[in-house]
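Engineer: Let me give you the structure first, and then I'll get to my questions.
The values are calculated or read from the model by the stated rules, or taken from the named source; none is laboratory data. All values reported here derive from a predicted model rather than from experimental measurement. Methodologically, a virtual Cβ is constructed for each residue, glycine included, from the backbone with ideal geometry; neighbour enumeration extends over all protein chains shown. Ligands, DNA and RNA are stripped out before the accessible areas are found, and what is left, the full protein with its side chains, is counted by its heavy atoms. Shrake-Rupley method; radii C 1.70, N 1.55, O 1.52, S 1.80 Å.
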Amino acid sequence: MDIWKVVDELVCTRRVPGLHAASLRVLEGQTGERMVATDPVGVPPGKWVFTTLGTAARYAMPDPTTTTDLTICGIIDQWSQT
Amino acid sequence: MDIWKVVDELVCTRRVPGLHAASLRVLEGQTGERMVATDPVGVPPGKWVFTTLGTAARYAMPDPTTTTDLTICGIIDQWSQT
Amino acid sequence: MDIWKVVDELVCTRRVPGLHAASLRVLEGQTGERMVATDPVGVPPGKWVFTTLGTAARYAMPDPTTTTDLTICGIIDQWSQT
Amino acid sequence: MDIWKVVDELVCTRRVPGLHAASLRVLEGQTGERMVATDPVGVPPGKWVFTTLGTAARYAMPDPTTTTDLTICGIIDQWSQT
Amino acid sequence: MDIWKVVDELVCTRRVPGLHAASLRVLEGQTGERMVATDPVGVPPGKWVFTTLGTAARYAMPDPTTTTDLTICGIIDQWSQT
């Protein structure tokens, strides 16, 4: 599971039906790369989170038919970044 | 879900039957790498999109038997690229 | 779906039974890395192709029980490489 | 299967229900990148381990419905790192 | 499917039950990175092999319930490394 910092909410009006009304977050990784994840936890910007990808990303959503490949699984309480 | 810019349509006459008549787009990533994605949304070149990969890429297509591993899921309205 | 140039046929006498008699190709990527893919299309060396990976790689084969994770899906007609 | 060094336990109070009470470990890879894995083995910090990802990460857990994508599979006895 | 050189056997006494008694090999990639793979073929160190990952890694094993994500699929007879 990858470690990311939540940067922002993603604004997206046109999307595929399979995403339903899932909340989307823009994440920034340890080397500055950016990704989009579905967020069932409700995480404010600035927090460190870890995500699950692949089929597990769907099972981590309340509705497992959501067409996502990256879902926030938890907020990290402490994180000593090197 | 990855973030990409749509570069072009992909012209491809010889392809496997499982791709059916899916629209294909050439995408460019944040570090300049290029990929091909199926496009159920209908995105013109120049737009920023996010994609889902793996099995979720098939479920994001109207026909989930399409043999794709990368599908455009939505157009990003605003995007502050760093 | 990734973009590759077909470099060569792969010669391999000892292989797992699940690969059946699938044709194998050595591919070269945009940064010079090399991979092996199953080829249901029949692509000669020198052509640019795109591939699908993961479970979709199996569904793109005529026999979906083939134990592959990368399958050539089509020949790219035109390709403006940057 | 990737090779990692166990760095620390991950403290995380808010998490998705699908993670159950699985132990989480922070791992460091060969190039310094950090990941989070579920740990069914019980590995102390400082040990070298190898992990499985994707669907196999779930099957490696005692409860295969755990929403993980990276699970520690074993402790490496000897490891000559180059 | 990735291309690797077999470096060594992996010694590992404590492992998850799902790995059964599968033979494990340490592989070295084209850029020097190291991975662990299950080996149903029986490959001695020094040989070049190609592997399959994800769910196909399990189907390439004699026992497809083995919790692996990387399995050696064949020995490459000739290999012109650039």
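Engineer: Could you figure out which of (1) modelled with pLDDT of 95 or more; (2) more than 23 Å from A:A37 (Cβ to Cβ); (3) more than 7 Å from chain C (Cβ to nearest Cβ) isn't true of B:T67?
Structural biologist: Looking at each condition in turn, B:T67 falls short on (3).
Engineer: Which residues, taken from the stretch D:9-25, are closer than 20 Å to D:M61 by Cβ, open to solvent by 70 Å² or more (accessible area, probe 1.4 Å) and not aliphatic (A, V, I, L, M)?
Structural biologist: D:E9, D:R15, D:P17, D:H20
Engineer: Restricting to the stretch B:1-43, name every residue that is among the acidic types (D, E) and either more than 8 Å from every other protein chain (Cβ to nearest Cβ) or in contact (Cβ under 8 Å) with a residue 12 or more places away in the chain (or both).
Structural biologist: Selection gives B:D2, B:D8, B:E9, B:E28, B:D39.
Engineer: When you look at B:L10, is it within 9 Å of the chain's Cα centre (by Cα) and of a type outside the set (K, R), yes or no?
Structural biologist: Answer is no for this residue.
Engineer: On to the next question. Of all residues being farther than 14 Å from E:G74 by Cβ and among the hydrophobic types (A, V, I, L, M, F, W, C) in the stretch E:26-38, which is surrounded by the most Cβ atoms within 10 Å (Cβ to Cβ)? Just the residue, please.
Structural biologist: Only one residue fits best here, namely E:V36.
Engineer: If C:D8 passes every condition in (1) at pLDDT below 95; (2) within 19 Å of B:G18 (Cβ to Cβ); (3) not in a loop (DSSP other than H, G, I, E, B) but one, which one does it miss?
Structural biologist: Every listed condition holds for C:D8 apart from (2).
Engineer: Of all residues in the stretch A:39-82, which are closer than 18 Å to D:L27 by Cα, surrounded by fewer than 21 Cβ atoms within 10 Å (Cβ to Cβ) and either among the β-branched types (V, I, T) or more than 12 Å from the chain's Cα centre (by Cα) (or both)?
Structural biologist: Scanning the stretch A:39-82 gives A:I75, A:D77, A:Q78, A:W79, A:S80, A:Q81, A:T82.
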